[in-house]
Amino acid sequence: MFCEHRSWFLKIDQLPRRGELRFSVACAAALLFNESTRADVAHKTRVTKRLPSSARGGEKGTMSDPILQMRRVSKSFFGIKALRNVDLTVYPGEIHALMGENGAGKSTLMKILSGAYTPDPGGEIRIEGKVVHIDGPLGGRAAGISIIYQELSLAPNLSVAENIYLGREISQFGLLARDSMRAGVGPILKRLGADFSPSSLVAHLSMGQRQLVEIARALHARSKILIMDEPTTALSAGESERLFSLVRQLRAEGLAIIYISHRMDEVYALGDRVTVLRDGTLVGSLDKPQIRADTIVRLMVGREVSSFYKKDHDPRARSGAAVLAAVDVGDGQRVKGCSLTVYSGEVVGLAGLIGAGRTELAHLIIGASPRTSGHIEIDGRAVNIRTPGEALDAGIAYLTEDRKSLGLFLDMSCLDNINLSVLGQDAKLRSILDRNKARERADIAFATLSIRAADVGVAAGGLSGGNQQKVLLSRLLATAPKVLILDEPTRGVDVGAKSEIYSIIDNLAKSGTAILVISSDLPEIIGICDRVIIMRAGRIEGELRRTATSPLNQEDIMALATGVEQLDAS
Amino acid sequence: MPPDNSAPVKAASAAGFAVAQTKRQRTRLMIRAAGMLPVLVLLCVGFHFLSDGRFFSGQNLGIVLQQAAVNTVLAAGMTFVIITGGIDLSVGSILAASAMAGLIISKLPELGALWLPAAVLTGLGFGVINGSLIALLRLPPFIVTLGSLTAVRGLARLLGADTTVFNPSIPYAVIGNGSLTLVPGVLSIPWLSVIALLVILISWLVLRRTVLGVQIYAVGGNESAARLAGIKVWAVLIFVYGVSGLLAGLGGAMQAARLYAANGLQLGQSYELDAITAVILGGTSFVGGIGSIWGTLVGALIIAVLSNGLILTGVSDIWQYVIKGLVIIGAVALDRYRLQGSART
């Protein structure tokens with residue numbers, strides 16, 4: 001079992017240095033970024049080897065005293081334990097990764113630290129050795145804890161300085177003292193290496209810059225503990241890299257950072273220690289040398305995941321007829337003359353940096369936004385697709401990357417969510433609902449995709465991320481599409497469900513569906529695709545094919561996605 | 001590696017969590033479905049005692065049902081609109097214009113019998129215009145219907161040259177004042193109420209048993225997702241505003257038949273507020289995507305019982321306004337409270 005995981009990571013790595021297995025695993029992630037990051041990781045690995053954090057507790061001196069100690073902290077809602085007897089210790093100058101499947105209790109833990117939830121009596125929270133009671137949203141900040149949520153909590157129409165001082169504005173004679181606020185913020189922004197001024201409007205900043213504002217806000221409040229919840233989900237690779245070096249800088253300054261992430265590569269690159277939660281219980285803490293994918297995955301899901309990526313289908317086993325062809329498709333702005341073809345029974349990856357225009361291209365293909373050039377062919381015949389409805393009629397189904405705002409109807413039942421796109425064709429007289437058929441479809445979907453919910457009548461909003469994704473996928477599959485475009489199919493999905501989604505994709509390819517997978521997760525693209533098309537700045541930059549002798553590799557993809565080779569050539 | 005004090009996880013705990021969660025969801029759904037029914041029952045019983053037993057008499061109940069009828073019809077249309085996350089402020093004005101149009105046609109010697117479809121179609125026409133502006137020009141519903149609230153009121157006055165139009169011999173007057181006798185001498189239901197109940201029943205069928213109904217909920221729940229799922233959002237929107245207009249037209253016809261007269265200035269003033277109140281009292285969420293037509297019926301009955309009961313117990317006209325206003329605020333507070341616990345995240 002363990003060997004299988006190791007081989008999975010070596011596959012990603014493509015640089016097997018057998019003597020330094022662990023080291024190379026840590027670097028695998030860094031390859032995504034650049035050489036300096038890799039060196040940085042190497043450096044850090046050595047440092048922490050000299051100073052294993054397990055030994056820190058016994059050492060003397062201020063650095064080794066834990067900044068945060070949680071003892072037997074529990075939280076129940078209406079008698080249901082969302083968190084039970086969690087013991088968590090965090091040291092200053094440490095990046096403490098917190099992992100767990102969706103619903104494992106990470107956000108409950110976080111909300112206790114921020115003061116949004118009051119823990120059940122019996123447990124205690126100590127900060128710098130002193131017992132604290134965190135009450136209300138301001139309590140966390142008062143105790144020195146700042147949280148940066150996935151959805152940033154900035155007011156877009158206020159300036160950077162005003163945002164940082166939000167709730168603690170300086171006033172003179174009852175008027176806002178804008179100048180002294182700007183002056184107070186300046187040094188912190190400088191320290192963080194910000195390239196914008198305190199008076200910039202937040203609405204004009206990029207996601208990465210906004211995150212910087214959040215961090216500045218935390219530093220300005222003199223927080224000693226910084227909790228980051230999936231900070232890179234909305235960031236491009238370059239921005240993530242800058243964030244990583246900033247996080248390391250903050251660690252060097254003695255801050256304790258609790259880093260919540262679903263992405264293994266980030267945890268390798270940053271984590272000094274990894275704590276895994278499962279079903280509200282802390283199931284283990286690993287120190288740097290023990291951080292390994294197989295161990296983490298096993299702790300998270302509580303069982304072995306035999307093979308994570310699944311790719312049994314063989315595109316050559318099918319007739320190999322072109323099913324979807326996009327010819328010279330563009331919108332005049334973000335997508336410029338893109339052509340691509342997907343064959344029957346083939347899984348094609350569409351890779352690229354955030355902002356490369358991949359989602360926009362998908363939207364043009366399905367008619368969700370207007371094309372200014374090009375046309376779409378299905379089975380070799382040109383089809384006129386102007387709306388997503390017409391795309392479905394033509395046999396193209398699209399899974400959105402933004403499940404909650406563009407995909408699901410959270411208040412509606414799973415049954416309705418699954419049947420929504422086929423209601424018309426199932427209906428009697430084209431208008432009266434066929435409720436038995438709908439029920440049957442939903443039951444079949446629940447069984448084949450193993451969707452875990454009490455009943456098909458449960459509102460979709462109550463399910464976990466992975467199950468929501470499967471419900472959404474079921475809606476697409478109900479239309480029996482010839483072409484399936486999956487945009488970030490495993491975003492916000494826990495490890496167990498990820499693996500299940502991969503095998504669903506694999507089975508669909510076996511049955512002859514043409515599948516286009518848009519993903520920013522390169523190991524995923526490499527793990528499941530036969531071919532990768534790479535986009536950069538609105539154009540198709542190149543294509544890589546998996547062959548028996550040379551599998552796909554991350555460096556080649558990243559080189560095309562970032563255009564590094566062209567820079568070298570010039 | 002796991003710390004020794006971390007308890008082993010029981011698979012049962014996760015399953016128990018899920019079961020308890022759905023149980024909670026189910027009770028929440030039941031509360032939502034039952035909604036205001038207990039309040040209605042309490043109000044009826046309370047007024048019965050406060051009015052020395054005059055509330056529960058066959059005659060008084062008939063009056064309550066008749067008073068509730070027009071508002072129920074308007075509120076049914078409003079339910080369609082609010083489920084899509086919109087609002088229709090123009091129903092009172094459309095009601096007036098439709099009633100005027102109906103009465104004017106009824107006075108024409110040859111076409112007199114066509115006054116009823118004329119009134120309903122007038123309402124439908126205005127509704128479709130509202131819907132088209134909202135769906136095709138993508139204007140906010142509040143603004144569009146606020147505009148037509150004023151504009152259609154003006155047209156209603158224009159139709160009768162700003163006078164009251166009478167027609168003492170209007171055809172089908174029976175629907176306004178007659179009753180359907182179920183048990184002779186004991187039980188009869190006003191035709192107005194029969195129409196209102198039929199409207200509710202048909203609305204329920206459309207909302208819950210047709211493809212269009214699911215699509216209406218879907219558009220209200222998540223408009224962008226509905227578009228991506230292949231739903232013709234524009235068609236759904238034109239339909240709901242069309243229905244709201246059509247039912248306002250029907251309401252106008254009901255009023256005209258009842259009064260044998262219509263007046264472009266006074267008829268249907270602020271009826272939209274009663275209709276909205278009924279919908280919100282019925283548990284339909286202003287945000288869209290959640291709501292039921294039976295709730296709306298209960299909401300409309302609550303308003304009628306409140307008016308009737310306050311009169312029976314001798315509360316002054318002025319205080320009736322105050323109490324009704326507080327009921328509206330209480331209803332919106334309830335809406336907020338309901339949303340807090342919903343699956344929306």
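Read-outs: derived from the displayed coordinates by stated rules, not from any lab. Just so you know, these numbers come straight off a predicted model, no measurement behind them. Glycine also receives a Cβ, built like all others from the backbone with ideal geometry; neighbour counts cover every protein chain displayed.
With a threshold of 28 Å on the Cα-Cα distance, the over-threshold entries among A:Lys75/A:Lys224; A:Lys428/A:Lys498; A:Lys311/A:Lys437; B:Lys232/B:Lys324; A:Lys498/B:Lys232; A:Lys106/A:Lys288 are A:Lys428/A:Lys498; A:Lys311/A:Lys437; B:Lys232/B:Lys324; A:Lys498/B:Lys232. Among the residues of B:268-279, the average count of other protein chain beta-carbon atoms within 10 Å of the residue beta-carbon is 0. Tell me the trypsin sites (Lys or Arg not before Pro) within segment A:358-410 that lie in a loop according to DSSP and have at most 12 other beta-carbon atoms within 10 Å. Those that pass, being in a loop and sparsely packed, are A:Arg386. What residue among B:Phe80, B:Phe166, B:Phe49 shows peak mean-square fluctuation when chain B is described by a Gaussian network model with Cα springs under 10 Å? It is B:Phe49.
When the charge dipole of chain B is built from unit charges on Cβ atoms (+1 for Lys and Arg, -1 for Asp and Glu) and taken about the Cα centre, the candidate among B:Gly325, B:Trp294, B:Gly245 whose Cα reaches farthest toward its positive end is B:Trp294. Listing A:Cys338, A:Cys414 from fewest to most neighbouring C-beta atoms within 10 Å gives A:Cys338, A:Cys414.
Taking a ≥ b ≥ c as the square roots of the Cα gyration tensor eigenvalues, segment B:37-339 comes out oblate, since a/c reaches at least 1.5 and a/b does not exceed b/c. Out of segment A:237-266, which GluC sites (Glu not before Pro) are coil in DSSP terms and have no more than 12 other C-beta atoms within 10 Å? Here the sparse-neighbourhood loop sites are A:Glu253. Model label points for A:Leu429 and B:Ile202, set 7 angstrom from Cα along the Cα-to-Cβ axis, are 1.3 nm apart. Between A:Thr549 and A:Ser405, the modelled labels are 4.8 nm apart [label points 7 Å from Cα along Cα→Cβ]. Between B:Leu136 and A:Val383, the simple label model (points 7 Å from Cα in the Cβ direction) yields a spacing of 2.8 nm.
In segment A:124-173, which chymotrypsin sites (Phe, Trp or Tyr not before Pro) are in a loop and have at most 11 other Cβ atoms within 10 Å, using DSSP for the loop call?
When the chymotrypsin sites (Phe, Trp or Tyr not before Pro) of segment A:124-173 are filtered for loop state and at most 11 Cβ neighbours within 10 Å, A:Phe173 remain.
Peptide B:228-238 has a mean shielding of 6, counted as Cβ atoms of other protein chains within 10 Å of each residue's Cβ.
In the protein assembly as shown, the alpha-carbon atoms span a convex hull of 219 Å³ per residue. Taking the Cα centre of the protein assembly as shown as origin and assigning +1 to Lys and Arg Cβ atoms and -1 to Asp and Glu Cβ atoms, the resulting dipole is close to 1280 debye.
I need the peptides B:294-304, A:174-184, A:86-96 ranked by packing, meaning the mean over residues of other C-beta atoms within 10 angstrom, with the highest value on top.
B:294-304, A:86-96, A:174-184
Charge dipole of segment B:37-339 (Cα centre as origin; +1 on each Lys and Arg Cβ, -1 on each Asp and Glu Cβ, all else neutral): 420 debye, rounded to the nearest 20.
For the segment A:272-283, counting C-beta atoms of other chains within 10 Å of every residue's C-beta and taking the mean gives 3. For segment A:420-506, the dipole from Cβ point charges (+1 on Lys and Arg, -1 on Asp and Glu) about the Cα centre works out to 320 debye, to the nearest 20. Farthest toward the positive end of the dipole of the protein assembly as shown, out of A:Leu350, A:Ile501, A:Leu138, is the Cα of A:Leu138, where the dipole comes from beta carbon charges about the Cα centre.
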